[in-house]
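Notes to accompany the following structure.
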Amino acid sequence: MKIFVIIVIVLLIILLGLYAFWLKLLKGKPGRIAGAEVEKKTFEEALVVDVRWRKEYARGHAINAVNLPIKLFKNNSDVLDEYKDKDIILYCVVDVTSRNTEKLLRERGFTKLHIGDGIKQYDYGKAIYSNALLSEFKYRISVSKNKQFLNLGSEILSDEEIKVSPNEIDSILDKLNKDSEIFVYSDKPEESKEVCKKLGLDGFTVINLVEPFKLDRYKNAFYNKNDYIETKDDQEASSCG
């Protein structure tokens, strides 16, 4: 009986220790930017990057975040190199993957890096549309088999685009097809957020350009398709730290 009591006490101590460790892990390291502040950032203020797997991002993410999984930077991707002068906020589930991504980017010469709250620390807006930087936006357009262009700004991308001001989006909903990918762009991308949110909630598949659309930059934009093609392993992956 005495041995049984000792075993129970030892097991309880172990369980309490594991629970304390789990709580510490959930809190992550200090020095993160609060999630509420992360989602307030405009593109001019900072580029917000979700470094989780694409499958996780698709379930919901910060309203202003693009998705660039850590795997890209482990594979030496230069997808962010032209944004080295911008403040970049990284986030994941807690802060393990984001801090590992930060280390990889610092090795590439990035200095203006910050860590935001993970989804375990803050309930992000769970945007149900995709954001993209210019290179990914151009790539997605090139491979899309069924697409529509929604221009909320001034510069024209396509003769087939639907051009409308953000506050008049209801007037063109009947022209949009839920079987198409809707590519949304504007020279004032902050005005696109509410439109994309509405379209996402209405069941449209939306790819939103998070940076200002400039035709010359679009024409000269380079993309590496390997940054965006998912392997079977990538599609099956479902968790990060």
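The values are calculated or read from the model by the stated rules, or taken from the named source; none is laboratory data. None of the values given here were measured: they were computed from a predicted structure. Note: ideal-geometry Cβ built from the backbone for every residue, glycine included; neighbour counts use all protein chains shown. Surface areas here come from the heavy atoms of the whole protein model, side chains and all, with no ligands, DNA or RNA. Shrake-Rupley method; radii C 1.70, N 1.55, O 1.52, S 1.80 Å.
Side notes on the structure shown:
- In loop segments of the range 141-195 as defined by DSSP, the trypsin sites (Lys or Arg not before Pro) with at most 11 further C-beta atoms inside 10 Å of their C-beta are 145, 178.
- Residue 170-residue 120 FRET efficiency (beta carbon distance; Förster radius 30 Å; 0.05 resolution): 0.25
- The distance between label points at residue 230 and residue 194 comes to 3.2 nm (points 7 Å beyond Cα on the Cα→Cβ vector).
- GluC sites (Glu not before Pro) restricted to the range 121-172 and DSSP loop, no more than 13 other C-beta within 10 Å: 160
- Pairwise FRET efficiency - residue 216 versus residue 85, Cβ, R0 = 22 Å, nearest 0.05: 0.70
- With the whole protein complex present, residue 217 retains an accessible surface near 90 Å², based on a 1.4 Å probe.
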